[in-house]
Amino acid sequence: MTRNRFLILIPLLGLSLLWAEPSVYGGGYGGGSQSAQNKKMIFSLRQQVNRLQEEVEGLKSLVQSLSQQIGRLSQQKSGGEDAALSRRLGSLEARIAKLEKRPAAAAQKSMEHSKSSAVKSQTKTASKLDNTLKKAASSKLFSRGVRLVKQKKYAEAKKRFDILNARKYKPAATNFYLGEIAYRTGKYDDAIRYYQKSAELNENAAYMDRLLLHTGISLEKSGDKAQARSFFQAIVDGYPGTTSARIAKKHLK
């Protein structure tokens, strides 16, 4: 609408300029009554032009005012969006911080769950193994137990000899190997107890020199050195020339 108003004003302004200028072909605008009429018409047109010019100025002022308002609104909108964006960013940063913590917590929880699952799995596997061992033949348990002692797999060996001990299978030999397991794992009091029972059950066993030697060392490790020396001397006297006797002599020095 404003653009159309400006298009209408342009030809009017052009006419006013033409009519305002004196004629180039005469000395004025004409003479007589015709001249008076022309003056009235010119005066009327000038008034119209002035009103139109005032209206144009008013429109210009209105346009400028509207432009300023639009600018202010744009700034306010931009500021509001920036503030909202800042708030959103702040919220996102807080959420990101929480999310960064969640993986660690999740990892910890997963680790704990994995450990728990592993423990349960190991317990279940051990339970199955124990049930299998309990059903196994005593001769197989014994031979396997001896091999495990030689392989230094003492925990696995002990499971088998504990079952055999409960069955009273070869009690002298079984207690000897339980004593060996205790001795080699530093449980000297248990070793002495197992060795003593084994010796009481069979004092002529082929492993007796070793049993006495390890009993003496266990007594020495436990702080009973006087009793230990008696065992070392018994080995030297009763089993001369053996490896056990040579070791015993070193402990007597």
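Any read-out appearing in this document is the output of simple, stated calculations on the displayed coordinates, not a laboratory observation. Since the structure is predicted, the reported quantities are computational estimates derived from the model, not experimental observations. For neighbour counting, all protein chains shown are included, and Cβ atoms are generated from backbone atoms with ideal geometry for every residue, glycine included.
Put a plus charge on the Cβ of each Lys and Arg, a minus charge on the Cβ of each Asp and Glu, and nothing anywhere else: the dipole of segment 137-252 about its Cα centre is then about 620 debye. The Cα trace of segment 137-252 gives Rg and Dmax of 14.0, 43 Å, the first to one decimal, the second as a whole number. Packing, as the average of other Cβ atoms within 10 Å across residues, places the peptides 202-212, 157-167 in the order 157-167, 202-212, highest first.
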